[in-house]
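Asker: Okay, handing you the structure first.
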Amino acid sequence: MAPDPLFDFTGKVVLVTGGSRGLGQRMVMAFAERGADVIIASRKLENCEAVADEVRALGRRALAVGMHAGRWADCDALVEAAYGEFGKVDVLVNNAGMSPACPSHELTEALFDSVLNLNFKGPFRLASQIGHRMAEGTGGAIINISSIAAIRAAPGVVPYSGAKAALNAMTVSLAREYAPTVRVNSIVAGAFLTDIAEAWAPEQREVQPVALGRPGRPEEIVTAALMLASSASSYTTGVLLQVDGGCR
């Protein structure tokens, strides 16, 4: 793919958690197709390696890391592996997450903690550790993948909504903390047809109560990620960008 000067990531290193499938995998490939070397992190190492092979086939370098993005020790090990292999991270995409549906009164403490750990605690650790290194170096960009559930009523997934709301607050705060050389933004995603959509009712995979009337296709997250990561967006930070088909 011929590089577009606005979206040329040649020489950049991009780290994507949850990068072995779904929206994460699409973002990994989009950055690699535009010149970036990529670190793919997820719980299943073999899935990360499969995506890494796709990246290497494009002539880019790739590092696959098996880790749990909700555990600080794993997050710290990922940071060390990334800097040990590449010496830097230019773009961090905090994409790993989960949203198990459960009536609030039936929710266990263990599940509550798991949801908050993966959707907020881990992303905070990665953003703070990598953001600090970026700020001490030549700067960079952090993109947090949030959810429309953070700002719209979403019964049955209250801990997930709360964790994503915290992620949004973190985005705005870290944007100020690590300015001016590090930009921190969130993509507030709506319903997308990733593997989680397999659990939806058939009609939900066709129709959604949004202006565009349908769920998003995974490739439709890519343009937002490229824009927020691009150095051409140097005046964009602390933004919560809704990519949700016009959620009402």
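The values are calculated or read from the model by the stated rules, or taken from the named source; none is laboratory data. What you are looking at is a predicted structure, and each value in this text was computed from that prediction instead of being measured. Please note: Cβ atoms are built from the backbone with ideal geometry, for glycine as well, and neighbour counts cover all protein chains shown.
Asker: Which numbered condition trips up L116, out of (1) out of contact with any Pro (no Cβ under 9 Å at 6 or more places or on another chain); (2) within 17 Å of A166 (Cβ to Cβ); (3) surrounded by fewer than 22 Cβ atoms within 10 Å (Cβ to Cβ)?
Answerer: Result: L116 fails condition (1) only.
Asker: Would segment 141-160 turn up any residue that is within 17 Å of L15 (Cβ to Cβ), of a type outside the set (D, E) and in a loop (DSSP other than H, G, I, E, B)?
Answerer: no
Asker: Here is a follow-up. Is it the case that segment 182-189 has a residue that's surrounded by 21 or more Cβ atoms within 10 Å (Cβ to Cβ), touching a helix residue (DSSP H, G or I) at 6+ places or on another chain (Cβ under 6 Å), at pLDDT 95 or above and among the basic types (K, R)?
Answerer: No, that holds for no residue.
Asker: Spot the failing condition for H68; the list is (1) under 23 Å from Y178 (Cβ atoms); (2) at pLDDT 95 or above; (3) touching a helix residue (DSSP H, G or I) at 6+ places or on another chain (Cβ under 9 Å), and only one is missed.
Answerer: Every condition holds for H68 apart from (1).
Asker: Do you know which of the residues in segment 82-106 that are at pLDDT 95 or above and of a type in the set (D, E) is surrounded by the most Cβ atoms within 10 Å (Cβ to Cβ)?
Answerer: Applying the first criterion (at pLDDT 95 or above) to segment 82-106 yields 82-95.
Pick out the ones that are also of a type in the set (D, E) and you get 85, 90.
On the way: E85: 15, D90: 23.
Filtering first and then ranking leaves D90.
Asker: A166 fails exactly one of the following numbered conditions: (1) of a type outside the set (V, I, T); (2) closer than 18 Å to M27 by Cα; (3) crowded, with 18+ Cβ neighbours inside 10 Å. What is the number of that condition?
Answerer: (2)
Asker: Then there's this: Could you run through segment 60-81 and say how many residues are surrounded by fewer than 17 Cβ atoms within 10 Å (Cβ to Cβ), assigned to a helix (DSSP H, G or I) and not aromatic (F, W, Y)?
Answerer: 4
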